[in-house]
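Here is the structure we will look at.
The values are calculated or read from the model by the stated rules, or taken from the named source; none is laboratory data. Since the structure is predicted, the reported quantities are computational estimates derived from the model, not experimental observations. Ideal geometry is used to build each Cβ from the backbone, glycine not excepted, and the neighbour counts take in all protein chains shown. These accessible areas exclude ligands, DNA and RNA; they are computed on the full protein's heavy atoms, side chains included. Shrake-Rupley method; radii C 1.70, N 1.55, O 1.52, S 1.80 Å.
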Amino acid sequence: MDQQEHIHIISAGDSIHKTYPAVLKDLRTVTHTFIFAEKEVYTNSSRDDTQKRMWKCAIRDAIDEVNTISLSRNISCALVCIDAATFDSIRDPVLGILSDHPDARYSFDISAGSKRLSLGLFSMSLWVEGDSYYAFGNSPTRRVPVPTLPTKNLPANPYYLVILTILFRGQEHGKEASTLVPKETLFNETKVWQIPVRDTGEGTAGQDLSPVAFCRLISTLIRWNLIREETDPGNDQEKLYSITPDGELALFVYSARMKKRSVASTPGLS
């Protein structure tokens, strides 16, 4: 089976050669890299002062270094020069890449470049269902959390919030990695919560939660990238669950919405 193409698009800046190796280490599957730069970077003007000339040279050098890194890893690399950082000038080349690689996975590094260029690429990442990453200074590369569902729809079944809350509370303060909760433990803790009786479409909340209904809830939360499922290294029949950064953010956004409304929240959410 052929490897899926992975297109990585970078907004050009003078530090991209520093963040690029870190992104490649995290993503691992990049097959094509495209660097978007404004034509001004490659245009010398008599009106440029010394600082601006140095700035342009630094970006060009960084682009050359990204190309060298790509070649050393058998990743194709191409420069895309745009006339100006307007949305149309960013949109059209991205759509051209999409036409040539319709089945590829897409990722974007929006750490560098002008604000207009980075924002334009971030907007296009949403339309092509790509992930955007950023890294400022010496900070590690991070993915920009984008919800796969409207957060306002999260309370459609109160058990979604219950499961997220249990996993969120299972984290230890100051611990970077989320605590892994066994499936049976998560099920037992979820079903004892007092939920008002109403039809949710995935089982009736407030009545006994069945294992089948619980599995449907878990599958949905995984699909929305709000929780993560792993196999227990010591028992390949045991599934372990943790909340993702997107799941944490979904809880925070939900709580913020509830503070502005006189609506009773899910028990235990405050």
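Please work out which one of (1) within 30 Å of P93 (Cβ to Cβ); (2) small (G, A, S); (3) modelled with pLDDT of 90 or more is the condition G137 fails and give its number.
All conditions pass for G137, except number (3).
Do we have I69 as within 21 Å of L121 (Cα to Cα) and touching a helix residue (DSSP H, G or I) at 6+ places or on another chain (Cβ under 7 Å) here?
It is false that I69 is within 21 Å of L121 (Cα to Cα) and touching a helix residue (DSSP H, G or I) at 6+ places or on another chain (Cβ under 7 Å).
Return a yes/no flag: does the range 150-158 have any residue that is hydrophobic (A, V, I, L, M, F, W, C), surrounded by fewer than 19 Cβ atoms within 10 Å (Cβ to Cβ), at pLDDT below 90 and part of a loop (DSSP other than H, G, I, E, B).
For the range 150-158, residues hydrophobic (A, V, I, L, M, F, W, C), surrounded by fewer than 19 Cβ atoms within 10 Å (Cβ to Cβ), at pLDDT below 90 and part of a loop (DSSP other than H, G, I, E, B): absent.
Take the residues in the range 42-60 that are open to solvent by less than 100 Å² (accessible area, probe 1.4 Å) and in contact (Cβ under 8 Å) with a residue 40 or more places away in the chain; name whichever of them is farthest from G113 (Cα to Cα).
Per the stated criteria, the residue is A58.
Matching residues to (1) open to solvent by less than 10 Å² (accessible area, probe 1.4 Å); (2) in a loop (DSSP other than H, G, I, E, B); (3) in contact with a Cys (Cβ under 9 Å, 6 or more places away or on another chain); (4) modelled with pLDDT under 95:
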residue	(1), (2), (3), (4)
Q3	no, yes, no, yes
H8	yes, no, no, no
G13	yes, yes, no, yes
P21	no, no, no, yes
D26	no, no, no, yes
T29	no, yes, no, yes
T33	yes, no, yes, no
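In the set T179, T190, T165, which member is surrounded by 14 or more Cβ atoms within 10 Å (Cβ to Cβ), of a type in the set (S, T, Y), at pLDDT 60 or above and in a loop (DSSP other than H, G, I, E, B)?
Step by step, each of T179, T190, T165 is checked, and only T179 is surrounded by 14 or more Cβ atoms within 10 Å (Cβ to Cβ), of a type in the set (S, T, Y), at pLDDT 60 or above and in a loop (DSSP other than H, G, I, E, B).
What single numbered condition from (1) acidic (D, E); (2) at pLDDT below 65; (3) open to solvent by less than 50 Å² (accessible area, probe 1.4 Å) fails to hold for E172?
It fails just one condition, (3).
Taking the residues in the range 199-232 that are at pLDDT below 85 and not charged (D, E, K, R) as candidates, determine which candidate is surrounded by the fewest Cβ atoms within 10 Å (Cβ to Cβ).
Out of the qualifying residues, it is G201.
When the residues of the range 61-96 are filtered to those that are of a type outside the set (A, V, I, L, M, F, W, C) and in contact with a strand residue (DSSP E or B) (Cβ under 7 Å, 6 or more places away or on another chain), which remaining residue is least open to solvent (accessible area, probe 1.4 Å)?
Of everything passing the filter in the range 61-96, S70 is least open to solvent (accessible area, probe 1.4 Å).
With the requirement that a residue be surrounded by fewer than 21 Cβ atoms within 10 Å (Cβ to Cβ) and under 21 Å from E40 (Cβ atoms), what does the range 97-122 give you?
Matches in the range 97-122: S114, K115, R116, L119, F122.
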